[in-house]
Structure formats: C-alpha cells, structure tokens
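Take a look at the following structure, please.
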Amino acid sequence: MNFQISARCVRVIRTHIPGGESTPWVARPQVAFVLTRSGRVETEFGAESGFARMVRGAGSVVCYPAHLRRRSRAFPPEGMHYTAALVAFEVFPGVDLLGFLDLPMLLPAAAGARIGEILEQLASLEGESVVPFLLAARRQELCYRLLGEALTLAPMRPAAAQRLAGLPRLLPVLEHLDRHFTEPLRVDQLAAVAGLSQGQFHRCFKALTDTSPFEYAKRLRLQMAAALLRDSDLTVAEIGARVGWPDPFHFSKMFKSTYAQSPTAYRRQGHVLP
C-alpha cells in the first residue's frame, strides 16, 4: 500500500548544560535527535529500558525513542553544548514510523555528521525573519531530509512489513480514535469497526501500534496535553479537563508516570532534551 508519511518538527533548541550539572529525569512524546556540539556528557536511562549508561563527546549524535526516560550529566569544565530537535515521523497520528526501524541510539559517525548538519540548519531557521510560509516550507524540507537519513541508515525490523500490513484494516479505528480519544472507549465497538473479533482486534492493534487501544488513547491524550503545556497559557487544570481528566491530581499522576515530570515541571523544562 502507499503510505502517507507525516514529518514535523515539534521543537528545535540550541543550548548547553554547565559542567558538573545534571538534567532532571525527562521523557518526551516524540523522538529526539541530539547533536553534542562540544563537551562531554553521560546519560543514564530508566531501569525499565534495559539500556546501559552512555558517555559521548563532541560531534556525536543520538536518537532517543519517544517516551524513553533519561537524565544527563555534563562533565566539567566545559559542560555540554548541544543542538536538538524533537520530531514526529508518523504513518498515522500516534503510529511512530521509527518504531518499525532498527535505528541505533548512538548514530555512526558519518550518518551522525549528516544529521548533525540538518539539526544545525533547523536551529538556524529559528532566528530568520522570512515569510512564515517560506519558513514552514524550509523546516518541512529539513524534516524530510532528516527522515530520509534515518530510513537510509536503518533497515526495517524483520516483522515490520507484517505489522504494517494491518494498517488498512485498522485505519477506520485509528481515525475514530484520533477524533474521539478523550471519550470513553468500548473495545467491542472498535473491533466491530475493524470487522474483527475482540481477540483478533487486540492482536492486530498491538502488532501495529505496540500497545493496547486504551494505552494508545492515553498516549494521544498525553501528547495533546504536552502540546498545550508547551504552546498555550491554559492552566494545568484546564488542560487536564480538555484531554479528559477533569481531576487535576489524577491528570498530574498520569502525566508524570509517562513523561517523568509533573505538568508544571514539563512546562518549565520542556526544552530539556539531551
């Protein structure tokens, strides 16, 4: 089938971590590409990930999967100067394209250099005073170049073709969830939309999205909440109510369990990506 791939850049930053300082624990809704421009940094990952600590220096580029919990410590005296982009490459909203690729976290030097150059170009666009449509077009072009580098670098995982084969049948379900993810779900109704038994539906849905329908809807709700925290002046309580959690304490608990930070901390520290 022909896939319609969406590539968008959610955030681009160029900043630093002072020597000897650490970031808080963070996790982000989208994939993060991070170029270390200078200095050295050690990154620790959540125990649930199974990843070992990683030390890297100037010129290195990493690709952090979405929702990966991590924190980084910059070595003195220079600290870490970095450029990073938070990006979403999706075959459908909520279905991460990079999840089908066998992409290494620490990229090989040659590919890292090419991707690092794209990250720097994305960052340089942030200060340009040009026609907004032209700026958006340039940003989109660079996002697709970034995606092209990732697709060239990483082979598809062995089961990827089989997983993607379920997309046409589940597309009506995904479209329904994209419109109604803040509302109560009934799996029997979703299975009926797909023309499958509940057991078949669960297996097909998990194969495609790597999660259950309930977790998928939760992911969409939290992604929307993260975007509102980043781009709006709504209060935490207002955002929680908008995404379907009117109890602000319950909303905060759900948010922190996924992104390792409270909504308030995420709003204040959403620029921390390394």
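The values are calculated or read from the model by the stated rules, or taken from the named source; none is laboratory data. Predicted, not measured: the structure shown is a model, and the values here were computed from it. We place every Cβ from the backbone using ideal geometry, glycine too, and count neighbours over all the protein chains shown.
Only one of these is more than 14 Å from VAL31 (Cα to Cα), surrounded by 14 or more Cβ atoms within 10 Å (Cβ to Cβ) and without any contact (Cβ under 8 Å) to a residue 60 or more places away in the chain: ALA137, ALA160, ALA154. Name it. First the steps, then the outcome.
Values: ALA137 fails: surrounded by 14 or more Cβ atoms within 10 Å (Cβ to Cβ); ALA160 fails: without any contact (Cβ under 8 Å) to a residue 60 or more places away in the chain.
After applying the criteria, what remains is ALA154.
Quick check, is LEU170 in a helix (DSSP H, G or I) and either within 28 Å of PRO263 (Cβ to Cβ) or modelled with pLDDT under 90 (or both)? Explain how you work it out, then say what you get.
Working: in a helix (DSSP H, G or I): yes; either within 28 Å of PRO263 (Cβ to Cβ) or modelled with pLDDT under 90 (or both): no.
So LEU170 does not fit the description; no.
If I ask for residues that are part of a helix (DSSP H, G or I) and either modelled with pLDDT of 90 or more or within 12 Å of the chain's Cα centre (by Cα) (or both), which ones from the stretch 93-116 would you list?
LEU97, LEU98, GLY99, ALA109, ALA110, ALA111, GLY112, ALA113, ARG114, ILE115, GLY116
Taking the stated definitions as given, is SER129 within 21 Å of PRO274 (Cβ to Cβ) and surrounded by fewer than 17 Cβ atoms within 10 Å (Cβ to Cβ)? Reasoning before the result, please.
On the way: within 21 Å of PRO274 (Cβ to Cβ): no; surrounded by fewer than 17 Cβ atoms within 10 Å (Cβ to Cβ): yes.
Against the criterion (within 21 Å of PRO274 (Cβ to Cβ) and surrounded by fewer than 17 Cβ atoms within 10 Å (Cβ to Cβ)), SER129 does not qualify.
For the stretch 54-84: of the residues being more than 17 Å from TYR259 (Cα to Cα) and among the small types (Gly, Ala, Ser), which is surrounded by the most Cβ atoms within 10 Å (Cβ to Cβ)?
It comes out as ALA84.
From the list ALA88, ALA66, exactly one residue is small (Gly, Ala, Ser), touching a Pro at 6+ places or on another chain (Cβ under 7 Å) and within 30 Å of PRO168 (Cβ to Cβ). Which is it? Show your work before the answer.
Details: ALA88 fails: touching a Pro at 6+ places or on another chain (Cβ under 7 Å).
Step by step, each of ALA88, ALA66 is checked, and only ALA66 is small (Gly, Ala, Ser), touching a Pro at 6+ places or on another chain (Cβ under 7 Å) and within 30 Å of PRO168 (Cβ to Cβ).
Still on this structure, please answer the following. Hey, any hits in the stretch 234-248 for a residue that's without any contact (Cβ under 8 Å) to a residue 24 or more places away in the chain, farther than 15 Å from GLU175 by Cα and under 21 Å from the mean Cα position of the chain (by Cα)? I'd like the intermediate steps shown before the answer.
Just the residues of the stretch 234-248 that are without any contact (Cβ under 8 Å) to a residue 24 or more places away in the chain, to begin with: 234-235, 237-238, 240-241, 246-248.
After this cut, where a residue has to be farther than 15 Å from GLU175 by Cα as well, the list is 234-235, 237-238, 240-241, 246-248.
Now restrict to residues that are under 21 Å from the mean Cα position of the chain (by Cα): 240.
Yes, because at least one residue in the stretch 234-248 is without any contact (Cβ under 8 Å) to a residue 24 or more places away in the chain, farther than 15 Å from GLU175 by Cα and under 21 Å from the mean Cα position of the chain (by Cα).
Another question about this same structure. With GLU90, GLU141, GLU120 as the choices, which residue is of a type in the set (D, E, K, R), out of contact with any Lys or Arg (no Cβ under 6 Å at 6 or more places or on another chain) and in a strand (DSSP E or B)? Outline the logic, then answer.
Values: GLU141 fails: in a strand (DSSP E or B); GLU120 fails: in a strand (DSSP E or B).
Among GLU90, GLU141, GLU120, only GLU90 is of a type in the set (D, E, K, R), out of contact with any Lys or Arg (no Cβ under 6 Å at 6 or more places or on another chain) and in a strand (DSSP E or B).
Are any of the residues in the stretch 200-207 at pLDDT 90 or above, part of a helix (DSSP H, G or I) and among the small types (Gly, Ala, Ser)?
From the stretch 200-207, those at pLDDT 90 or above are 200-206; that's our starting set.
So of that shortlist, the ones also part of a helix (DSSP H, G or I) come out as 200-206.
If we keep only those that are among the small types (Gly, Ala, Ser) too, we end up with none.
No - not one qualifying residue is present in the stretch 200-207.
Further, regarding this structure: Considering only the stretch 215-261, how many residues are crowded, with 16+ Cβ neighbours inside 10 Å and not in a helix (DSSP H, G or I)?
Residues that pass the stated criteria total 5.
Of the residues ALA66, ALA32, which single one is assigned to a loop (DSSP other than H, G, I, E, B) and of a type outside the set (D, E, K, R)?
On the way: ALA32 fails: assigned to a loop (DSSP other than H, G, I, E, B).
Result: ALA66 is the single residue among ALA66, ALA32 that is assigned to a loop (DSSP other than H, G, I, E, B) and of a type outside the set (D, E, K, R).
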